[in-house]
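The values are calculated or read from the model by the stated rules, or taken from the named source; none is laboratory data. Here the structure is a predicted model, which is why all the values come from computation and not from measurement. Here the Cβ positions follow ideal geometry from the backbone for every residue, glycine too, while neighbour counts run over all protein chains shown. Protein only, heavy atoms only, side chains kept; ligands, DNA and RNA dropped before computing areas. Shrake-Rupley method; radii C 1.70, N 1.55, O 1.52, S 1.80 Å.
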Amino acid sequence: MKFLLEVTMDEGALTEDPAGELQRILRYWGGNLKHYDMRPGDGSEIYDSAYREVGRWTVEDQAG
């Protein structure tokens, strides 16, 4: 399996404080992952501190 986290950093709150926003995103999702089985197909949208969608995380099968 593969865990993927993709965040667009050239819009929203990430343009104003990239390090701070990424820290917040990683803290939030790190704590929230306990609510998922962490199996292929799991995932969710990622939002910045202004509640704008800026990315997504997913768990994927690592095919052959």
Inset, instruction - Please work out if V54 is closer than 20 Å to M1 by Cα, assigned to a strand (DSSP E or B) and among the β-branched types (V, I, T). - result: no
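Mind listing whichever residues of segment 12-64 are among the polar types (S, T, N, Q) and in contact with a Lys or Arg (Cβ under 9 Å, 6 or more places away or on another chain)? Outline the logic, then answer.
Of segment 12-64, the ones among the polar types (S, T, N, Q) are 15, 23, 32, 44, 49, 58, 62.
Matches in segment 12-64: S44, S49, T58, Q62.
Name the residues in segment 7-30 that are assigned to a helix (DSSP H, G or I) and of a type in the set (S, T, Y), would you? Talk me through it step by step, then tell me what you get.
Taking segment 7-30 first, the residues assigned to a helix (DSSP H, G or I) are 13-16, 18-30.
Hits for segment 7-30 are T15, Y28.
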Legend entry - Criterion (assigned to a strand (DSSP E or B) and of a type in the set (A, V, I, L, M)) met by exactly one of L4, L33: L4
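Out of everything in segment 38-58 that is of a type in the set (K, R) and in contact (Cβ under 8 Å) with a residue 40 or more places away in the chain, what residue ends up being nearest to G20 (Cα to Cα)? First the steps, then the outcome.
Of the residues in segment 38-58, the ones of a type in the set (K, R) are 39, 52, 56.
Adding the requirement that they be in contact (Cβ under 8 Å) with a residue 40 or more places away in the chain leaves 52, 56.
Details: R52: 15, R56: 18 Å.
If we take residues in segment 38-58 being of a type in the set (K, R) and in contact (Cβ under 8 Å) with a residue 40 or more places away in the chain, then R52 is nearest to G20 (Cα to Cα).
Against the condition open to solvent by less than 70 Å² (accessible area, probe 1.4 Å), modelled with pLDDT under 95 and aromatic (F, W, Y), how does Y47 come out, does it pass?
Here the answer is no, as Y47 does not meet what is asked.
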